[in-house]
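The values are calculated or read from the model by the stated rules, or taken from the named source; none is laboratory data. Just so it is clear, the model here is predicted, and its values are computed rather than measured. All Cβ positions, even for glycine, are placed from backbone atoms using ideal geometry, and neighbour counts span all protein chains on display.
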Amino acid sequence: MRIIDIHTHPVFFGDGAQREQVDKLVRYARSLGIERMVALGDVLYHGPTPTPEQMAEINDTTHQLMQWYPHFFIGFCGLNPLWGEPPVRAELERCVAHGFRGIKLEISNNARDRVMKPLMKAAEDFGVPVLQHTWDTKGKAMRQQHSDSSDTALLARRHPNVKVIMAHLYGIGVRGILEAKHLPNLYIDTSSCLPVAGLVECAIEQLGDDRLLYGSDLPIRELGQCIGRVSGAAISEAAKHKVLFQNACELLGGI
Ligand SMILES: [Zn+2]
């Protein structure tokens, strides 16, 4: 079974950055069949709204992982849409030049905010996907920063030329799946929470097998359990291969 994990934080609140810790993680992941890991960065290390300097430090930590294991880690860079266009473009350009292949957005703002426009334009110009933190926050005050699945779906609808990954299948649930249903540029990752019987099956039934991506949210979640929720789902072997490997491989432009 070949696996690409599209959603990981190998360094988490400063922990995991030592070379020995990284060596251990890569050994363990490879023992489970994980060939490549998308490192999204230590996104909340400096809080929800990092400055350009703070985010550059976070992205440099991810870059160190990429340098140690260039055939294992794929970096997505963190950006804060609230900076406005010039700093957003500058940091994206710097990261893409260093080999980063996507953008990770956390909780600086809601995905439906107009401040997203220049960032999404930059993503389109550089041809990189955007992985957006998403959770079921409908009716909750936290929605101002924590995008609900309807917010991330709106973002994808507004920017059909950018591939958007809605994070956390188990945080968005069936409603999130249905909101993504008719948006061909919107993907969902299987990360977060405890497994829920039938949810992977529901996603495949509603979306088809091209737009679901295996992700763990390591180190918050245990890899074996995260893989098991896909490998143990009642879907075809071909669909499992697509979710665990092929869809991410194509989204990333090869590995
Ligand atoms: Zn995460």
Before we move on, is Ile235 outside any loop (DSSP other than H, G, I, E, B), modelled with pLDDT of 95 or more and among the β-branched types (Val, Ile, Thr)?
no
In the range 107-152, residue farthest from Leu82 (Cα to Cα) [restricted to those that are surrounded by 21 or more Cβ atoms within 10 Å (Cβ to Cβ) and among the acidic types (Asp, Glu)]
Asp148
Residue among Leu213, Leu186 that alone is touching a helix residue (DSSP H, G or I) at 6+ places or on another chain (Cβ under 8 Å) and either touching a residue at least 60 places away in the same chain (Cβ under 8 Å) or within 15 Å of the ligand (Cβ to nearest atom) (or both):
Leu213
Kindly evaluate Val43 against the criterion of being at pLDDT below 95, within 30 Å of Asp23 (Cα to Cα) and within 15 Å of the chain's Cα centre (by Cα).
yes
Could you tell me how many of the residues in the range 1-52 are part of a loop (DSSP other than H, G, I, E, B) and among the hydrophobic types (A, V, I, L, M, F, W, C)?
8
Residue, farthest from Val162 (Cα to Cα), within the range 104-150, restricted to residues that are within 15 Å of the ligand (Cβ to nearest atom) and of a type in the set (Val, Ile, Thr)
Ile107
Among the candidates Leu169, Leu155, residue that is buried (at least 24 other Cβ atoms within 10 Å of the Cβ) and either more than 15 Å from the ligand (Cβ to nearest atom) or modelled with pLDDT under 95 (or both)
Leu155
